Each structure stands twice: as C-alpha cells, then as structure tokens.
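Notes for the one structure printed next.
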Amino acid sequence: MVVDDEQDLRSLVSNVLTQYGYKVITAPSAARAITMLDKMEVAPDLLLTDVVMPGVSGPMLADKLLAKFPAGRVLFMSGYDERQVVQKYVVEKGFELITKPFQLHNLCAAVKKAMEPASNAGESAPVAEQIH
C-alpha cells in the first residue's frame, strides 16, 4: 500500500513497484488509507507511507495499521529530518526510512529489504490495482 499526498510521486512509486511485480494499492491520504485498512481482512504486505501529510500523519497511519495487524511492516519516506520517527519506528520497531528525493533503485532495494521477512515463494505474480 503506497500512501502519499503528492499524486505525481504516488503514481511514480506505484508504477515502478508494479513493474517489479508488486501488487500496489494507493491512497492519496492517510485518512483514506485508514478507511481502506478498516475493510481489509489481511494486512498489506507493506505500508509505504510519507511521514508528513495533511491531517493524519504517516506515523499515525502506521499506528492504525499495527493496531489492527500487529505484524504489519512499514517503510516510511520523507523529505524532512525525522528524528522522532527514526527513534520510535526505525530504532525501536525496526522499520525502514528512505529519504526523498531517492533514486528508484534505492526505493526498490528498500521495499525488498522491508518485505524480506514475509517471503511468499510460490505465489503468482501480482497484478497492480490503484484506488483513488
């Protein structure tokens, strides 16, 4: 699940990850993502979310994900100095943070690293889906 309030970045990230075989669901805001999460029976394999967004922040969204799916995985992306996020989510919970701007190969490497514990060998290649 890719969540970013910047439509161009959200689309770029979604397109790149889709090309690498990931099924991608997008949301334009954390509030919309929470609505989507509430309807899900299983956790998304990864929540890739911007940290700073209007209204509900990425860390608040991560907390909602973890409240419903305690084993959920999160990869934060931010263009700001995020010391609190680094301490609480990266150091204490073991999540990843990629800083913007990033090169697309670094994004793919970060996603792969964040998803390694949930290797699901044998599944068919996923199909992309965008929800706005």
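The values are calculated or read from the model by the stated rules, or taken from the named source; none is laboratory data. Source: prediction; values computed, not measured. Glycine gets a Cβ as well: all are built from the backbone with ideal geometry, and neighbour counts include every protein chain shown.
Going by what's in this entry, would residue 51 be described as at pLDDT 95 or above and crowded, with 17+ Cβ neighbours inside 10 Å?
Details: at pLDDT 95 or above: no; crowded, with 17+ Cβ neighbours inside 10 Å: yes.
Judged against the criteria, residue 51 is not a match.
Within segment 103-130, restricting attention to residues that are assigned to a helix (DSSP H, G or I) and modelled with pLDDT under 90, the residue that is surrounded by the most Cβ atoms within 10 Å (Cβ to Cβ) is 115. Entry remark, segment 24-50: residues being under 22 Å from residue 86 (Cβ atoms) and under 10 Å from the mean Cα position of the chain (by Cα) number 5 in total. Answer yes if at least one residue in segment 13-23 is under 16 Å from residue 97 (Cα atoms), modelled with pLDDT of 95 or more and either within 12 Å of the chain's Cα centre (by Cα) or assigned to a helix (DSSP H, G or I) (or both), and no otherwise. Yes. Residue-level check: of (1) surrounded by fewer than 20 Cβ atoms within 10 Å (Cβ to Cβ); (2) modelled with pLDDT under 95; (3) not acidic (Asp, Glu), residue 31 misses just (2). No other residue among 37, 61, 65 is without any contact (Cβ under 8 Å) to a residue 60 or more places away in the chain, touching a Gly at 6+ places or on another chain (Cβ under 6 Å), surrounded by 15 or more Cβ atoms within 10 Å (Cβ to Cβ) and assigned to a helix (DSSP H, G or I) apart from 65. So which residues in segment 68-92 are among the charged types (D, E, K, R), at pLDDT 80 or above and not in a helix (DSSP H, G or I)? Once the filter is applied, which keeps residues that are among the charged types (D, E, K, R), at pLDDT 80 or above and not in a helix (DSSP H, G or I), segment 68-92 yields only 73.
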